[in-house]
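Here is the structure we will look at, set down as structure tokens.
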Amino acid sequence: MERIKDKIVILQQALNSLEKSIALFKEHELICKSDPTEKNAEIVLAMQGYMIQCFEFSVDLFWKTLKVYLEDRGAVLEFENTPKSVIRACVEARLLSESEGEACIKMINNRNETSQLYKLEVAEIVGSKVPGYYSLMSMLIDRIQESIQIRL
């Protein structure tokens, strides 16, 4: 039980950083729209890159936290220990609904797109989805915390 609690604490720290990066990106995006200078555009790109890095890190911690949660509940992962297999196992264990599982798979796919090949177009598309993914991860981790407290 301590293992999952430790993982959740670390994940929450990462999600806090992600939340701050989203706010910074949105703030600088507004500044750039009202004062469209080259310097402001560069700052927005830097903030977008920072937000995406926080997103990538959070997604990695997220699926690994889910994996530990499943293991602590006695689940045996029959597949490889990959992010998508862990998400599928969470759906099978009814920790996630089908639609939540699909959203998590899309999130992992987007995370992989940003980390394997950096293209501005991909960064803009994925960047626009990051706030929703932040909300998804936060909601699901809150659910895990509630179930842990019930079991204590």
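Values in this text are rule-based calculations from the coordinates and carry no lab data. Being a predicted model, the structure only gives us computed values, none of them experimental. Glycine also receives a Cβ, built like all others from the backbone with ideal geometry; neighbour counts cover every protein chain displayed.
Here are the numbers for this structure:
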quantity	calculated
Positive-end extreme of charge dipole, the chain - chosen from LEU61, TYR50, ASN109 (charges on Cβ)	LEU61
Where Cα atoms sit under 12 Å apart: lysine pairs in region 2-151 separated by 8 or more or lying on different chains	6
Label-point separation in nm, ASN81 to GLN53, each point 7 Å along Cα→Cβ	2.7
Dimensionless Rg over Rh [region 1-41; C-alpha; Kirkwood]	1.36
Given charges at beta-carbon only (K, R positive; D, E negative), |dipole| of the chain in Debye	300
Positive-pole candidate from PRO83, MET137, LEU70, dipole of the chain, charges at beta carbon	LEU70
Coarse-grained scattering of the chain at q = 0.09, 0.18 Å⁻¹, given as base-10 log I(q)/I(0) from a Debye sum over alpha-carbon atoms	-0.32, -1.03
For region 97-110, 3J(HN,Hα) per residue [Karplus equation, 6.51 cos²θ - 1.76 cosθ + 1.60, θ = phi - 60°, Hz, x = Gly/Pro]	6, 4, 5, 5, x, 4, 5, 5, 5, 4, 4, 5, 4, 5
Highest average packing first - 120-132, 47-59, Cβ atoms within 10 Å	47-59, 120-132
Vicinal HN-Hα couplings computed from phi for region 89-95 (Karplus, 6.51 cos²θ - 1.76 cosθ + 1.60; Hz; Gly/Pro x)	5, 5, 5, 4, 7, 6, 6
